[in-house]
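For reference, the structure is listed below as structure tokens.
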Amino acid sequence: MQHSTRTIIAFEFTKTIRRLSFWLATILFPLFIVVIIAITQYTGSTTQRNASASAVADRSILVVDPGTFFASSTLTDNLTRATSVESAIDRVRTAKVDAALIVPSDFGSSSTYTLIAQDLGLTGNTAYTQFAEQLITQQVLARTDEPVVRAVVENTLRASTTWYSVTGNIESDPEIADFILPGIGFLVFFLAVFMSSQYLLQSVTEEKENRTMESLLAVVSKHELIAGKVLGLSLIALTQLAIWATLIGGVVYVALNRLALPPETLAIGDTLAHISLTDGLVTLLYIVFGYLLFASIMVGVGSIGTTQRESQQMSSIFIIAAIFPVYFSSLIVADPDGAIAQFFTYFPFTSALIGLLRHALDALSLHELLFSLLLNSVYVIAAFWLAQKLFTLGMLMYNRKPSWREVHAALRQ
């Protein structure tokens, strides 16, 4: 690496890392994510608890059961039998009891019951329904000793499966553990692209607006300048990821050593320990290729924009392209060898992430994997070449954006 490029890398890294905004984003972003997760978990658990049958288990409930569907020995203390539907409804209306469960005499054939209760809101009313269905399920189970019937009612049926591939080999079902590594890859890629792309745009547009770019180009070549900016701000992204990984590692360490976690949570560490070196290397290559592609594009977009805001607006198109594979991930998981998966594996803006996902699903043969990685490296080289062309064109214009005709002419030169 030439001395000029190393100098630019050091300059971009130190200039960015000295900014207060960098440290605020680095520290506050994970805290923001933690707060959002905590609020989501709290509201979800509270809503689930309020909507569960146990939330109304201690309320007074009348049971109108002319057909004696319920056995008296199975009724809990909060359940009272009533003989009149009208009186049961009146007692609920006047708030003398909380609810009334009316099971008609033809319930065995109609499977329809009536529930009348004091309004407790959406989640509270759901709790009454859950309680009634749980009570009816218990009565059904009490009437049979058939294991299959009990398994169907309790939803505990299990299947022993064997799957054969087109070559006659037995294929195993994909497990959640198979998606841990690509999940981490997706997260790292998006964090790197979203966080560092703004620094790349800001670095290029600032120097273009204040005319310092002309002085820089008088000392270094455009190749050295672009490479220095991309690599220097890539170090910024790595620094942020390293800080976040350290924070997450500290939280995980405390959780594993100080908290009584369930066995299934502790088993995640064993799963991560069995990730092969090859899978880790392939994931890393896809992340690096995908990041360098978008980083080079951001430099080119920042060069042709007249202001930072304008460059951000143009870059949003490519940010959307980076997010685009997420919307097709479920379809690709369902059919990893289909036409859509094949197309997005070789499409420039989605190739890295979709290749990463298909590799996790064992949908890429060895030659397809090698070809995909080679193609991604070609995309990076093409993006870097395109960035240089746009950079050369954009540095000559300060008051307007180049037209499509001018861009096309620059690319042909």
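Each value in this text was obtained by applying a stated rule to the coordinates, not by laboratory testing. What you see is a predicted model; the values in this text were computed from it and never measured. Cβ sites come from the backbone with ideal geometry, for glycine too, and all protein chains shown count toward neighbours.
Exposure proxy shown here: for L225, L200, L238, the number of other Cβ atoms within 10 Å sets the order, fewest to most, as L238, L225, L200.
The residue list F69, T137, V85 was ranked by how far each Cα lies along the charge dipole of region 54-153 toward its positive end, using unit charges on Cβ atoms, and V85 comes out on top. Across region 136-145, computed HN-Hα scalar couplings (Karplus, 6.51 cos²θ - 1.76 cosθ + 1.60, θ = phi - 60°) run 5, 4, 4, 5, 5, 5, 5, 9, 9, 10 Hz from first to last residue, x flagging Gly and Pro. Backbone geometry of region 95-102 corresponds, through the Karplus equation with coefficients 6.51, -1.76 and 1.60 at θ = phi - 60°, to 3J(HN,Hα) couplings of 6, 7, 9, 7, 7, 9, 10, 10 Hz, x marking Gly and Pro. By its C-alpha gyration tensor, with a ≥ b ≥ c as the square roots of the eigenvalues, how is region 68-119 shaped: rounded for a/c under 1.5, else prolate for a/b larger than b/c, else oblate? Oblate, since a/c reaches 1.5 and b/c is not below a/b. Here the Karplus curve 6.51 cos²θ - 1.76 cosθ + 1.60, taken at θ = phi - 60°, turns the phi angles of region 341-355 into couplings of 4, 5, 4, 6, 5, 10, 6, x, 7, 10, 4, 5, 6, 5, x Hz, with x standing for Gly and Pro. Rounded if a/c is under 1.5, else prolate if a/b beats b/c, else oblate: with a ≥ b ≥ c from the C-alpha gyration tensor eigenvalues square-rooted, which is region 54-153? Here region 54-153 falls in the prolate category.
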